[in-house]
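A quick write-up on the structure given underneath.
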Amino acid sequence: MTDSDRDGVRPRVRVEDVGRRYDSPQGVVRALEGVDFDVDAGEFVCLVGPSGSGKTTLFRIIAGLEESTTGTVYLAGDPVEGPGPDLGLVFQEYHLFPWRTVSGNVGFGLEQQGVDRDRRERRVRDLLELVGLDGFAESYPRDLSGGMKQRVALARALAVDPDLLLMDEPFGAVDAQTKRMLQSELLDIWSETGKTILFVTHDVEEAVTLADRVIVMATDPGRVREVVEIGTDRPRSRSDASFGEYYERIMELIRA
Amino acid sequence: MAIEVGEGVDSDEGIDSGEDVEPSPFDVDARRGVRGAGGVVAFLALWWLVASTQPTYVLPTPPVVAETFVAEAASGAMLAALGSSIVHWVPGATVGTGLGIAAGVALGWSPYLDDATAPVVRVLRPVPPLALIGFAIAWLGINHAGAAFIIAVGAFWINFYAAYGGVEGVSDDLLDVARSLGVRGDLELIRSVVVPASLPEITTGIRTGIGRCWMLVVASEIFGVPGIGREILRASNNLRVDVVITYILVLSFMFLVVDTAFRALQRRALAWR
């Protein structure tokens, strides 16, 4: 990574006037319209919004899993033309490869890139340490808890060193306590790796805990309502006055 | 046999001292073994009872069959028949299984291939392998190759549909993840995700196919190729029911051996489940 990248001279992600329409028996559905924002290199951005605001559609378009009707998504300057190793995906349902061990899952992307065995094993070991799963390298996903599975999914996405980590409600399926733990671990990993993260969630508290900026979406058509910059230093405490203010403000924007 | 609670338990559930300890796998195996043996004894008794009221050419008693079995084994006829059947069973089952899986994966994966082949597949699917005996003879002759062909056809369809169903069931999300981790192209996706993800269905297909192939040994030898099936057919013509049962037992035994071996392989390959 060059210094100019790190300084964010150009945005890491540029979502330019993205729209998505579907034909349905009830007529045309405007899932997204005129969505336009940037994510800077090294930034942590959360995308919140009520259901039906097109969060997941936007996630899939940025990930290159779905095409937009209008507009373009640029990643490090190039238009996204499909999923690839420059984009790390983490889903709510983990989607681990059940036939591969933990280390097999984490090493999957490296195998695709033809990284030799020695380097691969070293990198997998480092990543498992990073996500706190050393000792589980030879376990199969079926033996892991939800939180552990999500750590594997995160390590697997990080393995190929993507330009952007794109996460869709990654902690939506774990219990509240695990969720807090995973959030603080994610922040540690973020500051350690300097990754750019775009994080979709419907949990406003989570967004205020994690993000540099929160993009609030609105429904019908799915669009950006407002972008809220969270100025509070990390680690953030839910009992802080400013935390509550941000929380209330975003909730209001969502309800409006 | 008295078994100490907790002894020989190879599970990692931890030690749970108490009255309601789960029976160890060994206990369960022992119990099933006893029940199974009881069933065998009851079956033999019933057979014997019925057979004793019938002439031998209708239904021989178990001792008569045992005697015939030993005689067939001692004369070398059994080994010769078995060897001959294996010579066409192995290539037939292998080729049919391989082609079936390949075709099932390809058509399950590609909607274009699937659409293009669907009408032909639907016409060919219900054709019983035995109905293709004319082709076996015309194309390959009255020989091992012809018999292998019949067996292969049977294995093909079972493996085809098992693999097809397995591939259809592979989650799109796993494919998306694989693409996002750098997998490019259909062949790479098939190798790295589609086949491993559908391995449970594929291996179940292989196992079912193996059983079907042993059944087809009889059909495949109907036009004169020597083997176990030929012995059964010839004995049937001579009303030698004791010989028929003898070779049925050989077939069952071979099925059991191959099936058990394959099941062990399958369990290893699917240890992740």
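The values are calculated or read from the model by the stated rules, or taken from the named source; none is laboratory data. Note that the structure is a prediction, hence the values are computed from the model and not measured. Neighbour counts are summed over all protein chains in view; Cβ atoms, including those assigned to glycine, are modelled from backbone coordinates with ideal geometry. Just so you know, the surface numbers come from the protein's heavy atoms only, side chains and all, with ligands and any DNA or RNA stripped out. Shrake-Rupley method; radii C 1.70, N 1.55, O 1.52, S 1.80 Å.
Below is a table of values for the structure above.
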{"quantity": "Residue match in the stretch B:153-170 (condition: within 22 Å of the chain's Cα centre (by Cα), open to solvent by 70 Å² or more (accessible area, probe 1.4 Å), of a type outside the set (S, T, N, Q) and on the phi < 0 side of the Ramachandran plot)", "calculated": "yes"}
{"quantity": "Residue that is nearest to B:Glu168 (Cα to Cα) [pool: residues in the stretch B:189-199 that are in contact (Cβ under 8 Å) with a residue 24 or more places away in the chain and within 9 Å of chain A (Cβ to nearest Cβ)]", "calculated": "B:Ala197"}
{"quantity": "Positions within the stretch B:23-81 being under 30 Å from B:Gly227 (Cα atoms) and among the charged types (D, E, K, R), in sequence order", "calculated": "B:Glu67, B:Glu72"}
{"quantity": "Which numbered condition A:Val115 misses (of (1) in a loop (DSSP other than H, G, I, E, B); (2) under 24 Å from A:Met181 (Cα atoms); (3) more than 7 Å from every other protein chain (Cβ to nearest Cβ); (4) not charged (D, E, K, R))", "calculated": "(2)"}
{"quantity": "Residue, surrounded by the fewest Cβ atoms within 10 Å (Cβ to Cβ), within the stretch A:92-101, restricted to residues that are on the phi < 0 side of the Ramachandran plot and at pLDDT 95 or above", "calculated": "A:Pro98"}
{"quantity": "Counted residues, the stretch A:62-85 - those being under 13 Å from the mean Cα position of the chain (by Cα) and either of a type in the set (S, T, N, Q) or more than 9 Å from chain B (Cβ to nearest Cβ) (or both)", "calculated": "1"}
{"quantity": "Test result for A:Arg122, over 25 Å from A:Phe44 (Cβ atoms), among the basic types (Lys, Arg), open to solvent by 50 Å² or more (accessible area, probe 1.4 Å) and in contact (Cβ under 8 Å) with a residue 24 or more places away in the chain", "calculated": "no"}
{"quantity": "The one condition in (1) open to solvent by 70 Å² or more (accessible area, probe 1.4 Å); (2) modelled with pLDDT of 50 or more; (3) part of a loop (DSSP other than H, G, I, E, B); (4) not acidic (Asp, Glu) that B:Val5 fails to fulfil", "calculated": "(2)"}
{"quantity": "Any helices (runs of 4 or more DSSP H) falling wholly within the stretch B:62-127 and containing at least 1 residues that are in contact (Cβ under 8 Å) with a residue 60 or more places away in the chain and crowded, with 21+ Cβ neighbours inside 10 Å", "calculated": "B:62-75, B:77-109"}
{"quantity": "Those residues of the stretch A:191-203 which are surrounded by fewer than 21 Cβ atoms within 10 Å (Cβ to Cβ) and at pLDDT 95 or above, in sequence order", "calculated": "none"}
{"quantity": "Enumeration of residues in the stretch A:169-201 that are over 15 Å from A:Phe44 (Cβ atoms) and either within 14 Å of chain B (Cβ to nearest Cβ) or assigned to a loop (DSSP other than H, G, I, E, B) (or both)", "calculated": "A:Glu169, A:Gly172, A:Ala173, A:Val174, A:Asp175"}
{"quantity": "From the options A:Gly132, A:Gly104, residue that is more than 29 Å from A:Val227 (Cβ to Cβ) and modelled with pLDDT under 95", "calculated": "A:Gly132"}
{"quantity": "Leading residue by the ranking (farthest from A:Val18 (Cα to Cα)) among those in the stretch A:238-256 that are in contact with a Ser or Thr (Cβ under 9 Å, 6 or more places away or on another chain) and assigned to a loop (DSSP other than H, G, I, E, B)", "calculated": "A:Asp240"}
{"quantity": "Any pair with Cβ under 6 angstrom, 6 or more apart, that starts in the stretch A:146-163 at a residue that is at negative phi and more than 11 Å from chain B (Cβ to nearest Cβ) and ends at one that is β-branched (Val, Ile, Thr) and open to solvent by 10 Å² or more (accessible area, probe 1.4 Å)", "calculated": "A:Gly146/A:Val174; A:Gly147/A:Val174; A:Gly147/A:Thr178"}
{"quantity": "Flag if B:Leu216 is more than 14 Å from every other protein chain (Cβ to nearest Cβ) and either surrounded by 16 or more Cβ atoms within 10 Å (Cβ to Cβ) or at pLDDT 95 or above (or both)", "calculated": "yes"}
{"quantity": "Hits in the stretch A:113-157 - residues which are over 18 Å from the mean Cα position of the chain (by Cα) and β-branched (Val, Ile, Thr)", "calculated": "A:Val115, A:Val124"}
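Results for (1) at pLDDT 95 or above; (2) closer than 30 Å to B:Val244 by Cα; (3) within 14 Å of chain A (Cβ to nearest Cβ); (4) part of a helix (DSSP H, G or I), shown as yes or no for each residue.
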residue: B:Leu130; (1), (2), (3), (4): no, yes, no, yes
residue: B:Ile137; (1), (2), (3), (4): no, yes, no, yes
residue: B:Ala152; (1), (2), (3), (4): yes, yes, no, yes
residue: B:Val170; (1), (2), (3), (4): yes, no, yes, no
residue: B:Asp176; (1), (2), (3), (4): no, no, yes, yes
residue: B:Arg184; (1), (2), (3), (4): no, no, yes, no
residue: B:Leu187; (1), (2), (3), (4): yes, no, yes, yes
residue: B:Arg212; (1), (2), (3), (4): no, yes, no, yes
residue: B:Val225; (1), (2), (3), (4): no, yes, no, no
